[in-house]
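Single-structure report; data block below.
The values are calculated or read from the model by the stated rules, or taken from the named source; none is laboratory data. Predicted model, so just to flag it, every value in this text is computed and none were measured. Ideal geometry is used to build each Cβ from the backbone, glycine not excepted, and the neighbour counts take in all protein chains shown. The area values use the complete protein model at the heavy-atom level, side chains included, leaving out ligands, DNA and RNA. Shrake-Rupley method; radii C 1.70, N 1.55, O 1.52, S 1.80 Å.
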Amino acid sequence: MVVGDLRVQQIERKDGRRSWTIVWPEGRVHTEADRFLRVHDGSGTQRTYAYLLVDHLRWLERECLALDAVQLRDLERYMGIVGAEVRMPLGEPWRVGKRPYGRAALSTAAACRKGFYLHQSSLGINDELGKKLDRSRLPSRVDRRRSFLGHVKNALHTNPLAPKGPHRRHPKMLPDGARERLLATVNAARDRLVVTWLADGGLRIGELCGLHLVDLHLRENAACNECRTPHVHICHRPVNPNRAEAKTKHPWQMEHGTITGGLIKRVSPAMVHSYFEYVTTEYPRGAGHGMLLVQLHGADAGQPWAPVGARRMLGRAGKRAGLGLVKPHAFRHTFTSAVLDAADGNLLIARDAGGWASAAMVDEVYGHVDVHDPVFDAALRTVWGEAK
């Protein structure tokens, strides 16, 4: 057995959906990994866990460790190796040329390891390790605020493999004036729509590229009767031809040609204007797929535009505008921070405007003060005894 021969295999379903599993070199399915990944079938988590798990299984092969012999100390050692900034001999044989995991990747990897071994424990494999991983702790005040019926919770699960220390670093924002410089740089109406909708809507790139024309209710008092002002319905569709998926999975349905449900997000007048400019000048009349964003050139002109194409367009435009590499998620960070500031720190407004999972997440990532704010400055000077 050569270390690294285990690989992730993508499976195309007849209904257009995709799944991921892990196979041996000869194509035989890794039974234990496949059973665990099936638990997450139909979600983006399955793909992420597959690539994180295959790295761990390669390490087990290198260490000659069977699943029923793995101990908590082995998992702690593995997490330390993949997150190490300084390469030691332990990390080379199965991770040649790979960068160490950052904090976010370590947190996801810890959740994957715990879930995998708890699943094995539920099947009667390595029950001792399962008991050590299945720990709980007392909920904090933040935990109680975050959870539904949090006031009645007396215990929360914890992960001994999770990294310690500060949870999140401050996200990377767009440079000042980036929107205007990008709009002046791009040439197509479609690309101006992308910049405008990312900037004013705080959309994820998968949400934007996954929009269908029926999702857009861009007039007052639309037929859905769910929002009086112009808005869009972000609907999770795992079978989009361009494979763009919304991260959120709010229930939605179509009745008599009208979309209801999903994640409802209001749109600005600039977003409406950019939409009509794009549809009246560049959108192909014969497009039968019904998706909003299409390719404009090449053999696949008129076909749905994939998120990777939008990312590359923004990257090229950012370099031409002198902004460096522009990533779609920077628009979302900038949007949420701007809404939070404009709402005087109201976390609920920022949460709903950006479609975040919880107000606590917004508080943790974006809840900061401007060190040059007059109120902040006055508070410090009062403490220092310099108040006027």
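Among the residues of region 206-233, the one identified as farther than 14 Å from M271 by Cα and β-branched (V, I, T) is V214.
Checking each residue of region 26-35 against the condition of being more than 30 Å from H236 (Cβ to Cβ), surrounded by 15 or more Cβ atoms within 10 Å (Cβ to Cβ) and more than 30 Å from the chain's Cα centre (by Cα) gives no match. Only residues that are more than 22 Å from A184 (Cβ to Cβ) and under 28 Å from the mean Cα position of the chain (by Cα) were counted in region 274-299, giving 6.
To keep it simple, each residue is scored yes or no on (1) of a type outside the set (D, E); (2) at pLDDT below 75; (3) open to solvent by less than 80 Å² (accessible area, probe 1.4 Å); (4) touching a helix residue (DSSP H, G or I) at 6+ places or on another chain (Cβ under 8 Å).
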{"site": "M313", "(1), (2), (3), (4)": "yes, no, yes, yes"}
{"site": "K327", "(1), (2), (3), (4)": "yes, no, no, yes"}
{"site": "A342", "(1), (2), (3), (4)": "yes, no, no, no"}
{"site": "L347", "(1), (2), (3), (4)": "yes, yes, yes, yes"}
{"site": "D363", "(1), (2), (3), (4)": "no, yes, yes, yes"}
{"site": "D373", "(1), (2), (3), (4)": "no, yes, yes, no"}
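Taking each residue of region 108-122 that is over 9 Å from Y49 (Cα atoms) and in contact (Cβ under 8 Å) with a residue 12 or more places away in the chain and looking for partners that are open to solvent by 20 Å² or more (accessible area, probe 1.4 Å) and of a type in the set (G, A, S) with beta-carbon atoms closer than 6 Å, six or more apart or interchain, yields A110/A162. Applying the criterion of at least 2 residues that are open to solvent by 50 Å² or more (accessible area, probe 1.4 Å), touching a helix residue (DSSP H, G or I) at 6+ places or on another chain (Cβ under 7 Å) and modelled with pLDDT under 60 to the helices (runs of 4 or more DSSP H) found wholly in region 126-190 leaves 141-146.
Would a scan of region 204-217 turn up a residue that is open to solvent by 10 Å² or more (accessible area, probe 1.4 Å), more than 18 Å from the chain's Cα centre (by Cα) and within 21 Å of R351 (Cβ to Cβ)? Scanning region 204-217 turns up no residue that is open to solvent by 10 Å² or more (accessible area, probe 1.4 Å), more than 18 Å from the chain's Cα centre (by Cα) and within 21 Å of R351 (Cβ to Cβ). Among the residues of region 329-340, the ones that are open to solvent by less than 20 Å² (accessible area, probe 1.4 Å) and not β-branched (V, I, T) come to 5 in all. Within region 262-287, restricting attention to residues that are in contact with a Leu (Cβ under 7 Å, 6 or more places away or on another chain) and among the hydrophobic types (A, V, I, L, M, F, W, C), the residue that is surrounded by the most Cβ atoms within 10 Å (Cβ to Cβ) is V267. Within region 219-241, the set of residues being open to solvent by less than 30 Å² (accessible area, probe 1.4 Å), in contact (Cβ under 8 Å) with a residue 40 or more places away in the chain and over 23 Å from R351 (Cβ atoms) comprises just one member, N240.
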